[in-house]
Amino acid sequence: MPRDRLRELQLDRLRRQLSYNHAGSPFLRAKFEAAGARPEDIRGFEDFARLPLTTKEEHRQAQAESIERHGNPYALLACAPREKIVRINATSGTTGTPTLYALTEHDVGVVNEMHARKYWRAGIRPGHVMLQALSLSMFTGGLPLSQGIQHMGACVVPVGVEGGTGRVLEFARLTRADAIIATPSFGLYLLEECPKRTGRPARDLGLRWFFCAGEPGGGDPGTRRILADGFGAKVFDHTGGGHAFHGISCDTAPEEVRGMHFVSEDHCLLEMVDPQSKSPVAMRDGAVGEMVWTFLDWEGGPFMRYAVGDVAQLWTTPCPCGMPGPRFKIVGRADDMLIVKGVNVFPRAIGDAIAHFFPRVTGAFRILLDRPGPLVKPPLRIRLEAGADASEGDMTGLEREMLEYFRLHLRFTPKLLWVEPGSLPRETMKSRTVQIEDGGS
Ligand SMILES: [Zn+2]
């Protein structure tokens, strides 16, 4: 669809959605009241940007109030009547009360269709077998993702990561899976474990696609290279659980600006704000900001100017694959951001920089902080593993190269603390990369 036609469609849907939100949800109605606006006052995107943001904290409060006053978690948030809610999803968040999202049958259909769009773009067709090795619990990637795969006619094996590494490897072999969906850190772990447990390299599993999800590592060129080489597979980064924001990378954009194509622009309006001040960030090529989502065709609990906490970098230059529209890469969580001498630093960007030096490093690392961020007393300390065959003599040169790389690409110089390969704990679920520890180690 041409861009101007798409913007028209978005505005059309937005105005319809806003009237629906105002009528259906006391929580969303209060947002209009705070801005002194009624839905019919919003004629364009500029008017819309005057409505206050929604934060996850507010969502949690409204959820708690709903339970207490109305006996269900979405009474104040959802627009659709209770009998139309057919699914409750939760975020994968590891801290605090889970945030719950209500979907109707219509919303489930939207999610299914967005999953189908992504996998079809990557080359998946009916007949392909996809191993679903993410968490299968309330995490929005669990059931919704499996359903989306079925919806497009491919075959899903919902093995899940909970059953353990051995089970994932066994099912890859038994089902002759063509593709795996997993977190990149679990992928790296499989590369190490597969030879130990099966006596053969991960390449022999016969997987032709590795779909990264659940954490930002799939956007790091270094991590992607390790996975591609290790599995002998095409590596795609993708995002989108049980909601309306979906994206998937392609395999033709230049490595440094690859990002994910935003494939659900007809269902979600994207804005960006500064992660700290929450003031608007212009959607220019290369811009970095916290994503703000508004769902455009949603019945259950629609997001409206919802600051989701994920910080993304945006590219607007045309992609060689021919797909129009913006591409984005998730660079970290707003609340993971560290500030070193005025420079914004995300743990994932550090991981990316380190992975750039694979195989002279293993890629495993920990960021050591004296106290919780975002302000860091310089230098930022990073504990990292040398590669398996690095010698004492190589290390001085390697360290000099790495510090120069950090200075050039991340605009700060860390203090590197080397440890033996394999000495940092490996995580099979979501990676923990930041650790609070007393200084001087
Ligand atoms: Zn592309």
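Since every read-out is calculated from the coordinates, none of them should be taken as a lab result. Since we're looking at a predicted model, the values are computed, not measured. Cβ placement follows ideal geometry from the backbone for every residue including glycine, while neighbour counts extend to all protein chains displayed.
From the phi angles alone, apply the Karplus equation (6.51, -1.76, 1.60; θ = phi - 60°) to the range 243-251 and give each ³J(HN,Hα) in whole Hz, x where the residue is Gly or Pro.
Couplings: 9, 9, 9, 9, x, 8, 6, 10, 10 Hz.
Indicate the gyration tensor shape class of the range 60-133 (rounded, prolate or oblate), computed on the Cα atoms with a ≥ b ≥ c the square roots of the eigenvalues: a/c under 1.5 is rounded; otherwise a/b larger than b/c is prolate and the rest oblate. Don't skip to the answer; put the middle values down first.
Values: a/c = 3.69, a/b = 2.00, b/c = 1.84.
Verdict is prolate for the range 60-133.
Below 8 Å, C-alpha to C-alpha, sequence gap of six or more: please give me the relative contact order for the chain in percent. Don't skip to the answer; put the middle values down first.
Working: 893 pairs, mean separation 53.7, N = 441.
Rounded, it is 12 percent for the chain.
What lysines could a cross-link reach from LYS118, if we take a straight Cα to Cα line under 20 Å and drop same-chain neighbours fewer than 8 places away?
Straight-line reach from LYS118, under 20 Å: LYS234, LYS329.
For the range 211-309, compute Rg over Rh where Rg is the Cα radius of gyration and Rh is the Kirkwood radius from the inverse mean 1/r over Cα pairs.
On the way: Rg = 14.9 Å, Rh = 14.8 Å.
Across the range 211-309, the Cα-based Rg/Rh ratio is 1.01.
In the P(r) worked out for the range 274-367, what percent of Cα pairs fall beyond 15 Å?
When every Cα pair of the range 274-367 is considered, 70 percent fall beyond 15 Å.
Out of residues 5 or more away from PHE365 or on other chains, whose amide H comes under 5 Å of its own, with H placed 1.01 Å from N in the peptide plane?
When sequence neighbours closer than 5 places are left aside, there are no close amide H contacts.
For ARG87, which sequence-distant residues (separation of 5 or more, or a different chain) have an amide H within less than 5 Å of its own amide H, given hydrogens modelled in the peptide plane?
Long-range HN contacts for ARG87: LEU103.
Using the Cα atoms as the points, what is the convex hull volume per residue of the range 1-75 in Å³? Please report the intermediate quantities before stating the final value.
Details: hull volume 7.9 nm³, N = 75.
In the range 1-75, the Cα convex hull volume per residue is 105 Å³.
Tilt of helix 221-231 relative to the longest C-alpha principal axis of the chain, in degrees (0 to 90, nearest 10)?
That helix lies at roughly 70 degrees to the long axis.
For ASP394 and ASP370, what does the FRET efficiency come to when R0 = 25 Å and r is the distance between their Cβ atoms, rounded to the nearest 0.05?
Details: r = 30 Å, r/R0 = 1.21.
E(calc), rounded to 0.05, equals 0.25.
Given 0.36 nm per residue, what is the gain on full extension from ASP41 to ARG176 after removing their alpha carbon distance, in nm? Could you put the intermediate results ahead of the total?
On the way: separation 135, 0.36 × 135 = 48.60 nm, distance 5.62 nm.
Contour length minus the Cα-Cα distance gives 43.0 nm.
Classify the range 138-180: rounded, prolate or oblate, from the alpha-carbon gyration tensor (a ≥ b ≥ c, eigenvalue square roots; a/c under 1.5 rounded; otherwise prolate if a/b is larger than b/c)?
Numbers: a/c = 3.33, a/b = 1.26, b/c = 2.65.
Since a/c reaches 1.5 but b/c is at least a/b, the shape of the range 138-180 is classed as oblate.
Looking only at the range 348-363, which residues have a backbone nitrogen under 17 Å from a spot 7 Å from the Cα of VAL434 in the C-beta direction?
Zone members listed by number: 348-353.
Return the loop-located trypsin sites (Lys or Arg not before Pro) in the range 13-91 (DSSP other than H, G, I, E, B) with at most 14 other Cβ atoms within 10 Å of their own Cβ; answer none if there are none. Don't jump to the answer; show the numbers that get you there.
Numbers: sites: ARG13, ARG15, ARG16, ARG29, LYS31, ARG43, ARG50, LYS56, ARG60, ARG69, ARG82, LYS84, ARG87; in loops: ARG43, ARG50.
Answer in residue order: ARG43, ARG50.
Between 0 and 90 degrees, rounded to the nearest ten: what's the tilt of helix 56-70 against the longest Cα principal axis of the chain?
50 degrees
What do the square roots of 5 times the Cα gyration tensor eigenvalues come to for the chain, in whole Å, largest first, as semi-axes of the equivalent ellipsoid? Intermediate results must be reported in sequence, preceding the final value.
Values: eigenvalues 266, 141, 85 Å².
Those come to 36, 27, 21 Å.
Starting from the Cα-Cα distance between GLU256 and LYS278, subtract it from 0.36 nm times their residue separation and give me the gain in nm to one decimal.
Numbers: separation 22, 0.36 × 22 = 7.92 nm, distance 2.69 nm.
Contour length minus Cα-Cα distance gives 5.2 nm.
Can you give the angle from 0 to 90° between the axis of helix 105-122 and the longest principal axis of the chain, with both taken from C-alpha atoms, to the nearest 10?
Helix 105-122 sits at roughly 40 degrees to that axis.
What number, rounded to the nearest 500 deg cm²/dmol, is the helix-based mean residue ellipticity at 222 nm of the chain, given -39500 (n - 2.57) per DSSP H run of at least four residues and division by all its residues? Numbers along the way, then the final one.
Values: 11 runs with 137 residues, N = 441.
Using -39500 (n - 2.57) per qualifying helix, the result is -9500 deg cm²/dmol.
Could you list the trypsin sites (Lys or Arg not before Pro) in the range 216-325 that lie in coil according to DSSP, counting only those with at most 12 other Cβ atoms within 10 Å of their Cβ? Let's see the in-between values first.
Details: sites: ARG224, ARG225, LYS234, ARG258, LYS278, ARG284, ARG305; in loops: ARG258, LYS278, ARG284, ARG305.
When the trypsin sites (Lys or Arg not before Pro) of the range 216-325 are filtered for loop state and at most 12 Cβ neighbours within 10 Å, ARG284 remain.
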